[in-house]
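Step one of this worksheet: look at the structure below.
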Amino acid sequence: MSLDLEFARSQFPAFAEPSLQGQAFFENAGGSYTCQSVIDRLTRFYTQRKVQPYAPYEASILGGAEMDEARQRLAAMMGVESDELSFGPSTTQNTYVLSQAFRTFVGPGEAIIVTNQDHEANSGPWRRLAESGIEVREWQIDPQSGKLHLADLAKLLDEKVRLVCFPHCSNVVGEINPVAEITAMAHSAGAFVCVDGVSYAPHGLPNVAELGADIYLFSAYKTYGPHQGVMVVRRALSELLPNQAHYFNGDVGYKRFTPAGPDHAQVAACAGIADYIDMLCDHHGGPQTDPALRAAFVHDLMRAHEVKLLQPLLDAVKDRNDVRLIGPADAAVRAPTVALQLKVAAEPVAAQLAEMGIMAGGGDFYAVRALKALGIDPAAGVLRLSFTHYTSEAEIEKLLSALDYVL
C-alpha cells in the first residue's frame, strides 16, 4: 500500500498557510512542520489546563493525565515500558544529563566509544568524560564515504568498554546504521549502547525493544511535534545509573534523568504525535491492535514513500562534477537527508535556492567532526536537502530544477 499523500498533508496546517505557498520545504532535518493534532493539544493545554498538574482539581487532573498519555502512548509505539520514556528540553540537554550519570558509573581506566559521524549532541558530552579519567575511543568514519565500518568497531571493543554511542543515521551522511547489529556487538563485549535517533525518528518511529538499544534519543520538534527531547532509557540500565533528579524522585524511572521540571504543555502536546501516527494507520487500513505494530506499519508507509522520492534526487547529483554527494547513492539504505559538498560556500547557494522557493540550509549542522573527517571545511559547510514523508513528487521536481539552475 502506498501513502495517501493528500491525506497526510491535510494534517499539517503549514501546507494551507498563505505565507508558505509556493515554497517547498527541504530543511526538515532541522525541524519538521507540526501536525494539527499537536497544535490542538498544545492550544487546549494552554487555554484549559495551564495549571500545576497532578493536583486534586479537574484542570490539574486532566493536565496530568494528558502528560501521562503522551508518555504512555509513545512508549507503547516504541515497544518499551512507559516508565522507560521521559521528556526533556532537548536531545542535547538529555544527553548531557545522561553523561553526568555515566561520569560516576564508569570508572577511571574504563572506556567509552564515540563516533565522528555524530551531531555534536551525541559526541561532545561523552568526550568530556575524559576529564574524569575515562578513556574515550573514537570509532572513525571512512573519509571517502562517511560510513562506519563494523570491523573498525570490533577493534575498539574490549572488556574495558562500558558504553558505545553512535547515531541511527548521521544528519549529514544520511546512511542508516545497522543498530541491532552494532548493539549485539556491544552487548557481547559487555557494553551498553546510546543511539542518537534524531535524524531517523522523523522517518518512522523505531521499535527500540527490537533494536536492543539501552538508550534511544530523538527530538519531538523534528517528529511533527513541539520542542522537546524524547529519551528512552531501558530499565535494566536506568536502575544502575545514579539518580540525576531530586532525591525523592530517584525511584521513578521517567523522572530520574530530568533534573528540571518538564514543560507540561509541550509534554502533553506530544500525544498529538501518537494521534497522527494512529490516524495514518487507520486511514490506510493498518493493524487494529498493538501500538508497536501500528507504528511499524506507519513507519513502513513513510519509508516507502520517501525512498521513492529520494532516488531521483540521488541520481541527479551523484555523478555531477560540481558537487560531492555525502553518503550512499542508494535511497534504500539512507534517510532523505542529502548533504552536498560544493565548490563554493554552501550558505549563499541555499540563499539562492530560497529565492526560487526552495527552503534549504547550508552550514556545518553541528556535525563539524564528520565534515572535517570527510575533508570538508566546516566554514564552507555543505548544502543540506532534507525532506520527510509529507513531501510531494512535484516538490522534488521543483527542487531538481532549482538545484540545476543554481549549480
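Side notes on the structure shown:
- Some residue of region 301-315 being touching a residue at least 24 places away in the same chain (Cβ under 8 Å), closer than 30 Å to Leu342 by Cβ, part of a helix (DSSP H, G or I) and acidic (Asp, Glu): yes
- Cβ pairs under 7 Å, 6+ apart, first in region 260-275 and hydrophobic (A, V, I, L, M, F, W, C) and at pLDDT 95 or above, second part of a helix (DSSP H, G or I) and surrounded by fewer than 20 Cβ atoms within 10 Å (Cβ to Cβ): Ala265/Leu42; Ala265/Tyr46; Ala269/Leu42; Ala271/Glu69
- Members of region 276-293 found to be surrounded by 19 or more Cβ atoms within 10 Å (Cβ to Cβ) and not in a loop (DSSP other than H, G, I, E, B), listed by number: Tyr276, Ile277, Leu280, Cys281, Pro291, Ala292
- So Tyr46, is it without any contact (Cβ under 8 Å) to a residue 24 or more places away in the chain, open to solvent by 10 Å² or more (accessible area, probe 1.4 Å) and either over 27 Å from Leu371 (Cβ atoms) or not aromatic (Phe, Trp, Tyr) (or both): no
- Complete set of residues in region 88-128 that are open to solvent by 40 Å² or more (accessible area, probe 1.4 Å), among the hydroxyl-bearing types (Ser, Thr, Tyr) and out of contact with any helix residue (DSSP H, G or I) (no Cβ under 6 Å at 6 or more places or on another chain): Thr104
- Cβ-Cβ contacts under 8 Å between residues 6 or more apart (or on different chains), taken from a first residue in region 389-407 that is on the phi < 0 side of the Ramachandran plot and touching a residue at least 12 places away in the same chain (Cβ under 8 Å) to a second residue that is polar (S, T, N, Q) and assigned to a helix (DSSP H, G or I), are listed as Thr391/Asn28; Val406/Gln352.
- Cβ-Cβ contacts under 8 Å between residues 6 or more apart (or on different chains), taken from a first residue in region 357-384 that is more than 23 Å from Thr92 (Cβ to Cβ) and modelled with pLDDT of 95 or more to a second residue that is charged (D, E, K, R) and open to solvent by 50 Å² or more (accessible area, probe 1.4 Å), are listed as Gly357/Lys398; Ile358/Lys398.
- Yes/no for Ala296 being among the hydrophobic types (A, V, I, L, M, F, W, C), within 30 Å of Asn207 (Cα to Cα) and assigned to a helix (DSSP H, G or I): yes
- Selection within region 15-27 - farther than 13 Å from Ser392 by Cβ and open to solvent by less than 60 Å² (accessible area, probe 1.4 Å): Leu20, Gly22, Glu27
- The single residue among Arg320, Arg334 that is touching a residue at least 60 places away in the same chain (Cβ under 8 Å), farther than 30 Å from Thr34 by Cβ and touching a Leu at 6+ places or on another chain (Cβ under 8 Å) turns out to be Arg320.
- Of all residues in region 214-242, those that are without any contact (Cβ under 8 Å) to a residue 60 or more places away in the chain have Cβ atoms under 6 Å from Cβ atoms of residues that are in a helix (DSSP H, G or I) and open to solvent by less than 10 Å² (accessible area, probe 1.4 Å), 6 or more apart or on another chain, in Asp214/Leu237.
The values are calculated or read from the model by the stated rules, or taken from the named source; none is laboratory data. From a predicted model like this one, the values you see are computed outputs, not experimental measurements. Ideal geometry is used to build each Cβ from the backbone, glycine not excepted, and the neighbour counts take in all protein chains shown. Calculation scope for accessible area: heavy atoms of the full protein, side chains included, ligands and nucleic acids excluded. Shrake-Rupley method; radii C 1.70, N 1.55, O 1.52, S 1.80 Å.
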